[in-house]
Every structure is written in structure tokens, then in C-alpha cells.
Amino acid sequence: ATERTLSIIKPDATRRNLTGKIVARFEEAGLRVVASRRIQLSEAQAKAFYAVHAERPFYNDLVKFMISGPVVVQVLEGENAVAKNREVMGATNPANAAAGTIRKDFAESIEANSVHGSDSAENAANEIKFFFSDLEIVG
Ligand code: CMP
């Protein structure tokens, strides 16, 4: 079925001018950018977005990293978009990521891993709402 997912190009990637290369990977996989914005997250926004990880030992560093530079938030649309996006990203830890994935090719570490993608259709709906209104998504 056609789905939407929320993608974030993280500060390590925007810093290295990799936005276009990363978007091309998604497009080549059949995903379509139906909303896109480059933003500087506030600390409050980063904390709220990653609230599910609040009790994890890496939470504070993750929040600091996510506000260390601009990010590009996007809605990607396509057949099985959630799973397809995760396939193209590769494993969270670049050391475990398959050849040809974004994280294998671009990520610096498990934290500075270049991209975020929603992990379920339900979380995708919530994460999309976190950043975009319906009017900003043009399919
Ligand atoms: P992301 O998919 O955005 O979801 C949570 C983020 O926390 C993850 O990618 C990593 O950038 C970061 N992170 C840092 N350390 C860890 C860890 N040990 N396990 C999982 N995620 C981590």
C-alpha cells in the first residue's frame, strides 16, 4: 500500500553537504519527497521528538547532537514507505549496516548516523504531524 514516513537528514550529514546525495538514494528507491524543510531544532523540540528515548543513557548526547546544526525534515511517500526507507538507511549502527546503505556509506557513528526514519506506520503518522501540517504535504 502507499504509505508515508518521516525522514530526518541529521546534522552530521547537512554539515558535510550530503543532503542531495541522501535524497537521491530515497528517490532511486522509489520514494517521493512530498514535504521538505531545512530547520534548526530547538532543544525543546529535539527532546520532545525523542521523548521515547528519554530514559536511555544516550538521550542527552543525542539531543545535543540533533541541535548541533541544521536538519532536513521530509515526508517520503511510496509503496511500503516505512520499510523501504529503513532498508535504504541501513542498520542504526553503521558498523552493522549492509553495503550500499546510507548509514554504511555516510554515517560517522551510531549517534551521528546521518538519517532518522520512522520505525512503524503508527509512529510515522505521529512524527509527520510533529513537523508538518496537512497543507504542507503535497503528494
Ligand atoms: P534514530 O533512528 O534517530 O533513533 C534514535 C537515535 O539515537 C539513533 O538513530 C541514533 O542516532 C542515536 N543513538 C545513539 N546511541 C544509540 C544506541 N546505543 N542505540 C540506539 N540509538 C542510539
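Coordinate-derived values only; no laboratory data. A quick note: this is a predicted structure, and the numbers were derived from the prediction, not measured. Don't worry about glycine lacking a Cβ; one is built from the backbone with ideal geometry, like all the others, and counts go over all protein chains shown.
A protection proxy built from the mean count of other Cβ atoms within 10 Å ranks the segments 107-113, 97-103, 36-42, 81-87, most packed first, as 81-87, 107-113, 97-103, 36-42. When the stretch 21-139 is described by a simple charge dipole with +1 on each Lys and Arg Cβ and -1 on each Asp and Glu Cβ, the residue from VAL75, ILE22, GLY90 located farthest towards its positive end is ILE22. Rounded to the nearest 20, the Cβ-based charge dipole of the chain about its Cα centre (Lys and Arg +1, Asp and Glu -1) stands at 360 debye.
Taking every alpha-carbon pair under 8 Å whose residues sit at least 6 apart, the chain reaches a relative contact order of 38 percent. Pairs of Lys residues in the chain that lie 8 or more places apart, or on two chains, and have C-alpha atoms under 25 angstrom apart add up to 15. Applying both filters, DSSP loop and at most 13 other Cβ atoms within 10 Å, to the chymotrypsin sites (Phe, Trp or Tyr not before Pro) of the stretch 3-112 gives PHE58.
How charged is the neighbourhood of VAL34? Take every other residue with its Cβ under 13 Å from the Cβ of VAL34, and add Lys/Arg as +1 and Asp/Glu as -1. Here the charged neighbours net out to -2. Fraction of C-alpha pairs exceeding 18 angstrom in the chain: 52 percent, rounded to a whole number. Long hydrophobic helices in the chain: none of the complete DSSP H runs spans 15 Å or more by Cα along its own axis with mean Kyte-Doolittle hydropathy of at least 0.0. When Rg and the Kirkwood radius Rh are both evaluated on Cα atoms of the stretch 64-118, their ratio Rg/Rh stands at 0.98.
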